[in-house]
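Asker: Sharing a structure, written as structure tokens. Questions coming.
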Amino acid sequence: MTTPHRLTLTQFLIEERRRFPDASGDFNSLILNVALACKSIARKVACGALLEGGHGDVGGAVNVQGETQKEMDVVSNEVFLQVNEWCGCLAGMASEEMESPYQIADCYPKGKYLLVFDPLDGSSNIDVNVSVGSIFSVLRAPMGEAAVTEQDFLQAGAGQVAAGYAVYGPATMLVLTVGNGVNGFTLDVNLGEFMLTHPAMQVPADTSEFAINASNSRFWEPPVKRYVDECLAGRTGVRGKDFNMRWIASMVAEAHRILMRGGVFLYPRDSKDASKPGRLRLLYEANPIGFVIEQAGGRASTGRQPVLAVQPSSLHQRIGLVFGSRHEVERIERYHNDLQPVEMPNPLFNERSLFRMPA
Ligand code: F6P
């Protein structure tokens with residue numbers, strides 16, 4: 001038996017481009033540069049404590065989000081900037097780690113795209129050797145190749161040209177959407193190439209697994225509390241089935257699990273800190289992950305509306321985020337919009353009964 005021919009990321013992008021004979025090739029070049037940055041970060045992450053400079057905190061430094069910066073946050077940010085600045089297809093970049101948009105140096109040609117990224121998501125996990133990742137989003141530059149302003153990046157997620165993430169786990173994977181489904185590539189460390197291993201990824205519409213940081217429960221809004229209480233009640237409650245809970249505290253890793261086997265992730269708006277309407281960032285986290293999940297048939301929401309419809313108001317805006325298996329996210333949205341009557345723990349009305357409530 002012959003081994004099936006697997007496409008490399010480069011071959012995959014060339015095949016995609018054949019569908020658009022007028023394409024300049026800039027977009028492919030951009031994605032390959034992003035992939036190169038991710039390979040470089042993967043190597044550094046894999047060194048663990050052996051990395052020169054280490055994986056620890058940057059002596060007392062905090063980023064623009066007020067979070068402790070890890071050495072690897074800074075290094076990964078530098079890698080993204082350096083590798084992508086060169087490519088000639090960008091008008092500018094914005095990073096979770098930098099207060100203002102990054103201007104492409106004059107010595108490089110400019111292009112028609114904007115790159116937005118979180119260079120190392122979940123970095124609080126890095127010291128304990130748990131999966132982390134990089135998240136990226138590609139937008140069109142509204143002002144062409146002119147110097148970029150914050151305003152240029154304030155585009156609703158529905159307008160993304162492409163988005164994806166790399167997860168640095170036991171294997172490194174790159175998951176990508178160019179608005180035409182979702183494909184997953186595994187890094188062949190011998191070849192140094194991302195190989196197409198997971199074509200046409202799909203999030204199952206139903207699930208019995210949810211992910212939330214339950215230590216925040218006293219700050220949750222009633223619809224979230226209701227949803228989680230119903231999951232916890234399991235087969236004796238209105239849902240009529242048992243649920244499993246997971247929390248890695250690394251959103252890329254949670255998104256990847258959900259993409260592979262379904263589930264729902266919630267980091268909802270809460271009352272923990274009045275200055276932060278949610279924990280996650282709209283441009284660097286919610287929009288790219290939302291685009292990937294929706295392209296795989298799942299759903300991404302603020303709880304009240306599709307996350308991709310939100311008009312951003314600032315570069316580092318935070319937002320409540322719920323994403324994953326479509327039927328669960330729709331249920332959570334109904335609870336927020338108060339469209340679903342409180343279900344009674346009556347077997348006649350639970351999920352397995354003849355009188356199942358509409359999902
Ligand atoms: O935004 C960074 C991040 O590490 C996410 O990857 C993750 O989902 C979340 O923060 C974890 O937050 P917490 O520490 O509140 O569980």
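The values are calculated or read from the model by the stated rules, or taken from the named source; none is laboratory data. Values in this document were obtained by computation on a predicted structure and should not be read as measured data. Glycine gets a Cβ as well: all are built from the backbone with ideal geometry, and neighbour counts include every protein chain shown. Side chains are part of the model used for accessible areas, which takes the heavy atoms of the whole protein and leaves out ligands, DNA and RNA. Shrake-Rupley method; radii C 1.70, N 1.55, O 1.52, S 1.80 Å.
Asker: For region 211-225, what are the residues that are buried (at least 18 other Cβ atoms within 10 Å of the Cβ) and either under 30 Å from residue 181 (Cα atoms) or in contact (Cβ under 8 Å) with a residue 60 or more places away in the chain (or both)?
Answerer: Answer for region 211-225, where residues must be buried (at least 18 other Cβ atoms within 10 Å of the Cβ) and either under 30 Å from residue 181 (Cα atoms) or in contact (Cβ under 8 Å) with a residue 60 or more places away in the chain (or both): 211, 212, 223, 224.
Asker: Okay, moving on. Could you check residue 297 against (1) free of Cβ contacts under 8 Å to residues at least 12 places away in the same chain; (2) away from the ligand (no atom under 16 Å from the Cβ) and say which number it fails?
Answerer: (1)
Asker: Still on this structure, I have one more. All but one of (1) open to solvent by 10 Å² or more (accessible area, probe 1.4 Å); (2) within 16 Å of the chain's Cα centre (by Cα); (3) without any contact (Cβ under 8 Å) to a residue 60 or more places away in the chain hold for residue 181; state the number of the condition that does not hold.
Answerer: (3)
Asker: Out of the residues in region 296-314 that are touching a strand residue (DSSP E or B) at 6+ places or on another chain (Cβ under 6 Å) and either under 19 Å from residue 116 (Cα atoms) or among the aliphatic types (A, V, I, L, M) (or both), state the one that is surrounded by the fewest Cβ atoms within 10 Å (Cβ to Cβ).
Answerer: 296
Asker: If I filter region 97-106 for residues that are small (Gly, Ala, Ser), outside the structural domain of residue 253 (by TED's automatic domain parsing), within 16 Å of the ligand (Cβ to nearest atom) and open to solvent by less than 60 Å² (accessible area, probe 1.4 Å), do I get at least one hit?
Answerer: no
Asker: Now for a separate question. Suppose we filter 167, 116, 138, 132 for residues that are away from the ligand (no atom under 16 Å from the Cβ) and touching a residue at least 40 places away in the same chain (Cβ under 8 Å); which single one remains?
Answerer: Testing whether each residue is away from the ligand (no atom under 16 Å from the Cβ) and touching a residue at least 40 places away in the same chain (Cβ under 8 Å) leaves just 138.
Asker: Do we have residue 121 as open to solvent by less than 20 Å² (accessible area, probe 1.4 Å), in contact with a strand residue (DSSP E or B) (Cβ under 8 Å, 6 or more places away or on another chain), modelled with pLDDT of 95 or more and within 16 Å of the ligand (Cβ to nearest atom) here?
Answerer: Answer is yes for this residue.
Asker: Next question, about the same structure. Quick check: is even one residue across region 254-262 away from the ligand (no atom under 16 Å from the Cβ), open to solvent by 30 Å² or more (accessible area, probe 1.4 Å) and assigned to a loop (DSSP other than H, G, I, E, B)?
Answerer: Looking for residues that are away from the ligand (no atom under 16 Å from the Cβ), open to solvent by 30 Å² or more (accessible area, probe 1.4 Å) and assigned to a loop (DSSP other than H, G, I, E, B), one finds none in region 254-262, hence no.
Asker: Based on this model, can you work out whether residue 72 counts as open to solvent by less than 30 Å² (accessible area, probe 1.4 Å), assigned by TED's automatic domain parsing to the domain that holds residue 158 and within 16 Å of the ligand (Cβ to nearest atom)?
Answerer: Judged against the criteria, residue 72 is a match.
Asker: Which strands (runs of 3 or more DSSP E) sit wholly inside region 1-115 and have at least 2 residues that are modelled with pLDDT of 95 or more?
Answerer: It comes to 90-95.
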